[in-house]
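The values are calculated or read from the model by the stated rules, or taken from the named source; none is laboratory data. No experiment lies behind these values; they were computed from the predicted model shown. Neighbour counts run over all protein chains shown; Cβ positions are idealised from the backbone, glycine included.
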Amino acid sequence: MRQVLNDVEAGKVTDELRRRGIPSRQRLRVVVESIDTDEPSLTTMNAMGGAFDWLAEEPELYSDADLIERFRS
């Protein structure tokens with residue numbers, strides 16, 4: 001059985017599981033993802049960490065002239 005719980009406060013997880021009829025001894029696989037907006041995104045953390053700084057020194061190998069088909073948004 002697969003159920004997705006969205007936006008549940010940590011202290012209310014047990015109540016939410018009980019409300020959905022999931023027995024207390026049921027084994028679960030739990031993935032926790034914080035949805036606080038105060039945390040930086042993974043992309044922001046990567047950029048701030050400097051892991052991709054070396055790309056600034058790499059030459060541009062392609063330009064718009066290399067496009068076979070031009071896409072418009």
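Of note:
- The residues of the stretch 21-73 that are loosely packed, with under 10 Cβ neighbours inside 10 Å, more than 25 Å from the chain's Cα centre (by Cα) and among the hydrophobic types (A, V, I, L, M, F, W, C), listed by number, are A56, L61, A65, L67, I68, F71.
- Looking only at the stretch 11-63, and only at residues there that are among the small types (G, A, S) and at pLDDT below 85, the one that is nearest to M1 (Cα to Cα): S34
- Inter-residue pairs, beta-carbon under 7 Å, first at negative phi and in a helix (DSSP H, G or I) and in the stretch 1-26, second surrounded by 10 or more Cβ atoms within 10 Å (Cβ to Cβ) and modelled with pLDDT under 90, 6+ apart: E16/L5; E16/V8
- Selection of the stretch 27-73 for residues being hydrophobic (A, V, I, L, M, F, W, C), farther than 25 Å from V13 by Cα and not in a helix (DSSP H, G or I) yields A51, F52, L61, L67, I68, F71.
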